[in-house]
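FYI, it's all coordinate maths here, none of it is from the lab. Values in this document were obtained by computation on a predicted structure and should not be read as measured data. Note that we place each Cβ from the backbone using ideal geometry, even for glycine, and neighbour counts take in every protein chain shown.
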Amino acid sequence: MDEKHLLINRLKDYGKTGMYPFHMPGHKRLAGIPEMEKEGSGFDFPNPFSVDITEIEGFDNLHHPEGILKESMEWAAGVYGADRTWYLVNGSSCGILSAISAVAGGMAARSSPGAGRKGKILMARNCHKAAYHGAYLSGLEVSYIYPQFVSELGIQGGILPEDVEKILESEPEIQAVLLVSPTYDGVVSDIEKIAEIVHKRKIPLIVDEAHGAHFPFGKEFPVSALELGADVVIQSVHKTLPSMTQSAVLHWKRNESSGGPFVNEGRLERFLSIYQSSSPSYLLMASIENAVFQMERERANRGRENSRLDDYERRLKRLRRGLSSMKNLHLGGGAFGESLKGRRGIYDLDLSKIVISSKGTGWTGPRLDDLLRREYGLEMELCGADYVLGITTCFDSEEGLLRLEKALTELDDRLGWEMESGRQKMKEGEQKMEQGTQETKERKNLVSVPGNLWSGTSLPKAKICLSLREGMDGACRRILFSEAKGSISSEFVYVYPPGIPILAPGEEVTDSILGTILEYQRRGLPVQGPQDHSLQYLKVIDRTETK
């Protein structure tokens with residue numbers, strides 16, 4: 001390999017391009033904030049090689065913490081209001097896997113001797129793929145609850161408490177509930193009400209709060225699930241706080257039923273030791289601790305001069321007010337979330353997430369994403385069929401937020417011109433159609449009419465034929481994707497990010513699912529999952545082997 005093609009050199013070159021990150025990690029590469037690199041700022045990290053160590057004398061062991069790591073995690077638990085907090089160096093995925101395995105172990109412990117099935121979990125269909133992997137590894141049967149859908153934006157809404165209650169009443173064998181709140185797009189469900197419903201049945205509630213590690217630190221942010229009754233909460237510190245990629249935390253609350261805590265602390269710790277690397281990076285652990293320390297210090301500094309959190313909230317409000325006045329593109333939730341809160345299961349909204357919808361305009365999410373990247377040097381977190389998502393944090397510079405507002409305002413004006421031009425062409429085409437010219441008939445068919453494009457709908461309802469384990473481990477064969485209708489998938493299919501399965505192993509490939517996948521692929525969205533990266537083929541259950 002040529003030295004210039006080494007990843008480290010590519011990263012160095014990228015850092016010089018001037019591209020601005022509206023994506024994770026939350027430290028935003030300290031772009032445009034040179035003072036943060038000064039000595040004493042809290043982010044003047046030394047050469048990483050000089051502090052990259054192993055479990056040497058005086059530095060404790062993450063898998064058997066007795067010294068500085070034990071003290072550090074106890075301190076972090078106090079900051080967040082947890083009874084136990086563990087540092088995760090394998091991301092929130094590791095925490096989700098551990099939480100599911102821990103509650104599955106509890107199910108097995110309560111089962112009668114010799115029982116074949118380990119248990120059943122109620123899981124939000126918009127959970128991250130790690131949740132599906134956890135159910136697979138634990139051999140759990142899964143029942144899905146579907147979020148509401150915000151049709152005007154093309155994003156998933158929240159989970160309704162009454163839907164949770166209805167499913168738990170109809171399926172009393174469910175022994176745990178797993179939800180994601182906030183969603184990637186910042187949608188928060190009514191966790192307090194859901195926790196009450198779940199705990200009445202004496203079963204645990206796990207909340208994937210990967211996108212909410214910042215909630216306790218800002219008065220404008222939603223309340224964390226940890227304060228609302230959840231038993232286990234997993235947060236990606238690196239997503240919205242100034243921590244390195246791959247760093248996360250898992251919080252445990254000693255919420256108790258008559259038989260003790262809803263989630264066994266020892267069992268949770270055991271599975272964390274299984275799923276976490278046995279060589280945890282001290283750089284990542286230091287990054288977690290430092291991020292929480294800096295945010296706690298900023299929280300204490302509220303109301304004082306040079307408060308970073310106060311400045312961020314002021315800049316964020318200004319950004320959202322500016323974007324809410326766009327005429328063609330639409331800011332999800334409006335300036336202050338007023339257009340979404342209380343609708344479609346949306347109990348609250350994280351306003352730090354900037355959702356820009358192009359639905360009904362003739363522009364797709366991928367096109368808007370590409371324009372922001374190529375013409376304005378802005379890299380967004382993700383794009384959907386009809387929207388883009390930007391992540392903001394208190395480490396965004398004022399200049400960066402102004403660049404985003406300017407770019408979107410200019411694109412909104414351009415889009416308005418294109419839409420008006422398209423309407424005029426349509427009108428001219430219709431006038432010539434009246435004259436019966438074949439030429440204009442053909443032209444009309446080529447005109448892009450605003451709103452006539454396919455648009456993403458709510459998550460297609462899964463038709464479950466086999467368990468995840470049976471679907472993934474069963475005998476399979478490879479067939480053309482376009483001919484997969486009616487087959488039972490042996491693979492996941494999802495758009496990544498965010499990594500929410502459209503199709504999971506053991507599920508039938510229905511018309512709706514096939515159409516959604518093919519349309520996402522046609523639109524250029526990052527469809528992933530199958531072993532065949534070209535998506536020409538899909539592995540399906542070989543029914544001849546099961547007869």
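Positive end of the charge dipole of the chain (Lys, Arg +1 and Asp, Glu -1 on Cβ, about the Cα centre): tell me which of S490, A213, N47 has its Cα farthest that way.
About the Cα centre, the residue reaching furthest to the positive side is S490.
Let me see the pair-distance distribution of the range 185-294: every alpha carbon pair, 5 Å bin width, integer percents in order.
2, 11, 19, 21, 19, 15, 9, 3, 0
In percent, how large is the relative contact order of the chain, given Cα pairs closer than 8 Å and 6 or more residues apart?
16
Out of every Cα-Cα pair in the chain, what percent are more than 37 Å apart?
It works out to 35 percent of all Cα pairs.
Given Cβ point charges of +1 (Lys, Arg) and -1 (Asp, Glu) and nothing else, what value in debye, to the nearest 20, does the dipole of the range 468-546 about its Cα centre take?
That gives the range 468-546 a dipole magnitude of about 200 debye.
Roughly how large, in nm² to one decimal, is the mean projection of the convex hull of the alpha-carbon atoms in the range 322-378?
If you wrap the Cα atoms of the range 322-378 in a convex hull and average its projections, you get 4.6 nm².
Please compute, for the alpha-carbon atoms of the range 460-547, the extent along each of the three principal axes and give them in descending order in Å.
Computed over the range 460-547, the largest-to-smallest principal extents equal 39, 21, 21 Å.
In the chain, which longest range has no chymotrypsin sites (Phe, Trp or Tyr not before Pro) that are both DSSP loop (not H, G, I, E or B) and surrounded by at most 15 other Cβ atoms within 10 Å?
60-335
Measure up K341/K406; K120/K166; K166/K341 against 19 Å on the Cα-Cα distance and list the ones that go over.
K341/K406; K166/K341
Return the distance in nm (one decimal) between the two label points of a simple spin-label model at K341 and E171, each offset 7 Å from Cα along Cα→Cβ.
Taking the simple label geometry, K341 and E171 are separated by 3.3 nm.
What full-extension length gain, to one decimal in nm, is calculated for D370 and E418 as 0.36 nm per residue of separation minus the Cα-Cα distance? Working shown, then result.
Numbers: separation 48, 0.36 × 48 = 17.28 nm, distance 1.69 nm.
Full extension of this stretch gives 15.6 nm more.
Given q = 0.12, 0.16 Å⁻¹, what are the Debye log10 I(q)/I(0) values for the range 66-293, with equal point scatterers placed on the Cα positions and solvent ignored?
Result of the Debye calculation: -0.61, -1.09.
With r defined as the distance between the Cβ atoms of Y496 and H63 and R0 fixed at 30 Å, what FRET efficiency is calculated, to the nearest 0.05?
0.50
Anything over 20 Å Cα to Cα? Flag those among K129/K200; K461/K485; K28/K353, in the order listed.
K129/K200
Restricting the count to DSSP beta bridges whose residues both fall in the chain, what percent are antiparallel, rounded to a multiple of 5?
The antiparallel fraction comes to roughly 65 percent.
Any idea which of L525, S138, H128 is furthest toward the positive side of the dipole for the chain, if Lys and Arg beta-carbons carry +1 and Asp and Glu beta-carbons -1?
The residue sitting farthest along the positive end of the dipole is L525.
About the Cα centre of the chain, how large is the charge dipole given +1 on each Lys and Arg Cβ and -1 on each Asp and Glu Cβ? Please answer in debye to the nearest 20.
Charge dipole, the chain, about its Cα centre: 1200 debye, nearest 20.
Of the trypsin sites (Lys or Arg not before Pro) in the range 250-284, which ones lie in a loop per DSSP and count no more than 15 other C-beta atoms within 10 Å? If you can, show how the numbers build up before the last one.
Details: sites: K253, R254, R267, R270; in loops: K253, R254.
The qualifying sites are R254.
Using DSSP to call loops (not H, G, I, E or B), can you name the GluC sites (Glu not before Pro) in the range 234-336 whose Cβ has at most 14 other Cβ atoms within 10 angstrom?
E305
Which helices pass in the chain if a helix is a full DSSP H run, must span at least 15 angstrom along its long axis by Cα, and must have mean Kyte-Doolittle hydropathy not below -1.0?
Length and hydropathy pass: 68-80, 91-110, 265-275, 282-300, 511-522.
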